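The values are calculated or read from the model by the stated rules, or taken from the named source; none is laboratory data. None of these values were measured; they are calculated from a predicted model. Positions of Cβ are backbone-derived with ideal geometry, glycine not excepted, and every protein chain shown enters the neighbour counts.
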Amino acid sequence: MDKWDVIIVGAGYGGLCTGALLANKGKKVLVLEKGNSIGGLAASVNYAGQILDDGAHIPLLVGHIEGVFSDLGIPFPEYTLVNKCEFYHENQWTDIKNIFPFELYKKALDAMLQLTPEEITKLDDLPLNEWVNTISDDPSIHKLFFYFGCVTSVGNRYNTYSAGEMLYILKEVIESGRVMSETGGVVKGGMNSLLQPLADFIENHGGEVKLNTPVESVEIKDGRAIGVNIETGSRLFHSQVLDIINVKAESVIVTLPLWDIFSVLDEADFPNWWTDWINWLGNKVGHVWNVMYSVDEPPFDTNMFRFVESMPRTGYAAIFFSMPTYGDEVNQNQFHICYQGHYDEYPDLFNRKNAGVRKKTREILALMEQESLELFPQVKNAYNWRVAHAAIYSITQSPGFVGYKRPSMKLPGVSNIYLVSSNVREARGIGIAAVAKCSQLAVSDIISK
Ligand SMILES: Cc1cc2nc3c(=O)[nH]c(=O)nc-3n(C[C@H](O)[C@H](O)[C@H](O)COP(=O)(O)OP(=O)(O)OC[C@H]3O[C@@H](n4cnc5c(N)ncnc54)[C@H](O)[C@@H]3O)c2cc1C
């Protein structure tokens, strides 16, 4: 293979955004993906006549994702805003306006708007409930911020959510000029409608996106990455050590989540303080539990979120939403139940080699479904099929694990490797919006050199 300006490990949202932005600046880009499709945690799959999003469903539209498309000069895909919101309050579904009067809303927003970025950073290690105590002891203000927390972290816990992280995200929303209710959207055709144009852009601008090509390692010499190694040939014995070829590049971008980066980076190339930090932080993950039902009739509007503060059996905060799908004529709607948990509630969730962990995962999913379908009995016997997920979402957004407690996208002692992901300091924010922001920052750093 030729020498490339930039090699990107991974064709998830981060790899494709970064690749397209670099290709737009005239760089020759090679994106290598180990899987057989683009998208990583944001991939869309075709299942039983529907397009299903495997991970991300609802991008946060506060400018970063849209910014990537406008930098590239390509149209942003069509989307539908999820702009209505109801809470389960006193045993019934109630519009947000009935719980929080406008003056209360205003008081909370005013308190946030007065904070400077430096003041917000100082609140990174304070639990959200403790910060809210400093502005009011009114229980409805506490409830309001609990729900803000649900919106910005998919239902994280109030007393284990970083005040700085949430305030940062809410300020970004306010400063984007959009109201809260206009920041979440369902992309027509699923997340692939965001991803495919980026992959096409790379290929139409001299680059390549190669699937089924796992990177074996990033090759570093004298403090610089010189390219990546790829295995050649096929494995006859399970223990066989295959030969590798080195593909050269001026810079390398690793888009793997933080808990996976040492599958391609050799810890020996970095100082111990940094590798120890990454290995420690890489276990502090938040997780998402999700069950999708294919339904003919959604139980409520497809542009609405519904929230429950604490579900009766699991105690989890829950978010429910219905969304249209864009497949064939059957199964035109999905209904989602979605819970977010916290690393210290269930640290072993992803040790799937362990039979006990798998059993526990199924038990929790069963409880979730039971209590959720009691709230939506019309779904119970009416769905066509269901798919359950239990996944890592990202590093947890708790005190001690956000902002400067996360590593930079730049690596110590190696000047031309970047980590593009939602888990690094520069990416502060949510999911793919954070990844898009990180891509833009990495690209401007590479181009400035
Ligand atoms: C269930 C779930 C729901 C979510 N919902 C939302 C949401 O509604 N809104 C939102 O904004 N975000 C959401 N997210 C988060 C969002 O999906 C992620 O933040 C985002 O997709 C991460 O993109 P990425 O490119 O950084 O990483 P990834 O998607 O993890 O991409 C990394 C890629 O690298 C590839 N790879 C790994 N090892 C190698 C190797 N050795 N060689 C080559 N390639 C390799 C992987 O296959 C993968 O494609 C959700 C996540 C989950 C799991």
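If I go through segment 294-324 residue by residue, how many of them are under 24 Å from Ile392 (Cα atoms) and part of a loop (DSSP other than H, G, I, E, B)?
Total satisfying the criteria: 9.
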> Given the conditions (1) touching a helix residue (DSSP H, G or I) at 6+ places or on another chain (Cβ under 9 Å); (2) buried (at least 17 other Cβ atoms within 10 Å of the Cβ), and given that Trp4 satisfies all but one, which numbered condition is not satisfied?
Replying inline: (1)
> Which residues, counting only those in segment 171-195, are in contact with a Lys or Arg (Cβ under 9 Å, 6 or more places away or on another chain) and either more than 18 Å from Asp110 (Cβ to Cβ) or not acidic (Asp, Glu) (or both)?
Replying inline: Ser181
>> Just checking, does segment 306-318 include any residue being in contact with a Ser or Thr (Cβ under 6 Å, 6 or more places away or on another chain), assigned by TED's automatic domain parsing to the domain that holds Leu375 and farther than 19 Å from Ile96 by Cα?
In response: no
>> Show the residue pairs meeting these rules: Cβ distance below 6 Å; 6+ apart or different chains; first residue within segment 232-251 and without any contact (Cβ under 8 Å) to a residue 40 or more places away in the chain; second residue among the aliphatic types (A, V, I, L, M) and surrounded by 10 or more Cβ atoms within 10 Å (Cβ to Cβ).
In response: Thr232/Ile245; Gly233/Leu242
> Are any residues in segment 239-283 more than 22 Å from Ile220 (Cα to Cα) and either touching a helix residue (DSSP H, G or I) at 6+ places or on another chain (Cβ under 9 Å) or part of a strand (DSSP E or B) (or both), and if so, which ones?
Replying inline: Leu281, Gly282, Asn283
> If a residue has to be touching an Asp or Glu at 6+ places or on another chain (Cβ under 8 Å) and part of a loop (DSSP other than H, G, I, E, B) to count, how many in segment 355-391 make the cut?
Replying inline: 2
> Can you tell me how many residues in segment 252-302 are within 16 Å of the ligand (Cβ to nearest atom) and free of Cβ contacts under 8 Å to residues at least 40 places away in the same chain?
Replying inline: 4
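Would you check if there is a residue in segment 101-119 being in a helix (DSSP H, G or I), of a type in the set (Phe, Trp, Tyr) and at pLDDT below 85?
Among the residues of segment 101-119, at least one is in a helix (DSSP H, G or I), of a type in the set (Phe, Trp, Tyr) and at pLDDT below 85, which makes the answer yes.
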> When you scan segment 35-48, how many residues do you find that are under 21 Å from the mean Cα position of the chain (by Cα), more than 10 Å from the ligand (Cβ to nearest atom) and surrounded by fewer than 19 Cβ atoms within 10 Å (Cβ to Cβ)?
Replying inline: 2
> Can you name the residue in segment 349-384 that is small (Gly, Ala, Ser) and loosely packed, with under 14 Cβ neighbours inside 10 Å and is also nearest to Gln92 (Cα to Cα) among such residues?
Replying inline: Ala366
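Yes or no, residue by residue, for (1) more than 7 Å from the ligand (Cβ to nearest atom); (2) aliphatic (A, V, I, L, M); (3) over 19 Å from Ser444 (Cα atoms):
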| position | (1), (2), (3) |
| --- | --- |
| Lys3 | yes, no, yes |
| Val6 | yes, yes, no |
| Glu33 | no, no, yes |
| Gln50 | yes, no, yes |
| Gly55 | no, no, yes |
| Gly63 | yes, no, no |
| Gly73 | yes, no, no |
| Val82 | yes, yes, yes |
>> Quick check on this structure: which one of Ser422, Ser398, Ser444, Ser439 is among the small types (Gly, Ala, Ser), in contact (Cβ under 8 Å) with a residue 12 or more places away in the chain and either more than 12 Å from the ligand (Cβ to nearest atom) or under 17 Å from Asp125 (Cα atoms) (or both)?
In response: Ser398
>> I want to confirm something. Restricting to segment 392-410 and keeping residues that are of a type outside the set (Phe, Trp, Tyr) and assigned to a helix (DSSP H, G or I), which single residue is surrounded by the most Cβ atoms within 10 Å (Cβ to Cβ)?
In response: Gly403
> Going through segment 155-188 one residue at a time, which ones are among the aliphatic types (A, V, I, L, M), surrounded by 23 or more Cβ atoms within 10 Å (Cβ to Cβ) and not in a helix (DSSP H, G or I)?
Replying inline: Val186, Val187
> Hey, any hits in segment 193-201 for a residue that's in a helix (DSSP H, G or I), away from the ligand (no atom under 15 Å from the Cβ) and among the acidic types (Asp, Glu)?
Replying inline: yes
>> If a residue must be near the ligand (Cβ under 9 Å from one of its atoms) and either free of Cβ contacts under 8 Å to residues at least 24 places away in the same chain or not β-branched (Val, Ile, Thr) (or both), how many such residues does segment 8-31 contain?
In response: 8
>> Please go through segment 152-168 and give me each residue that is among the aliphatic types (A, V, I, L, M) and over 17 Å from His342 (Cβ atoms), ordered by number.
In response: Leu167
>> Return the residues of segment 121-141 that are part of a helix (DSSP H, G or I) and either in contact with an Asp or Glu (Cβ under 9 Å, 6 or more places away or on another chain) or among the acidic types (Asp, Glu) (or both); say none if nothing qualifies.
In response: Leu128, Glu130
> Filtering segment 118-175 down to residues that are more than 25 Å from Glu345 (Cβ to Cβ) and among the basic types (Lys, Arg), which residue is farthest from the chain's Cα centre (by Cα)?
Replying inline: Lys122
>> So in segment 52-96, with the set limited to residues that are in a loop (DSSP other than H, G, I, E, B) and among the aliphatic types (A, V, I, L, M), which one is farthest from Ser181 (Cα to Cα)?
In response: Ile74
>> Restricting to segment 211-228, and then to whatever is within 9 Å of the ligand (Cβ to nearest atom) and hydrophobic (A, V, I, L, M, F, W, C), can you tell me which residue is surrounded by the fewest Cβ atoms within 10 Å (Cβ to Cβ)?
In response: Val215
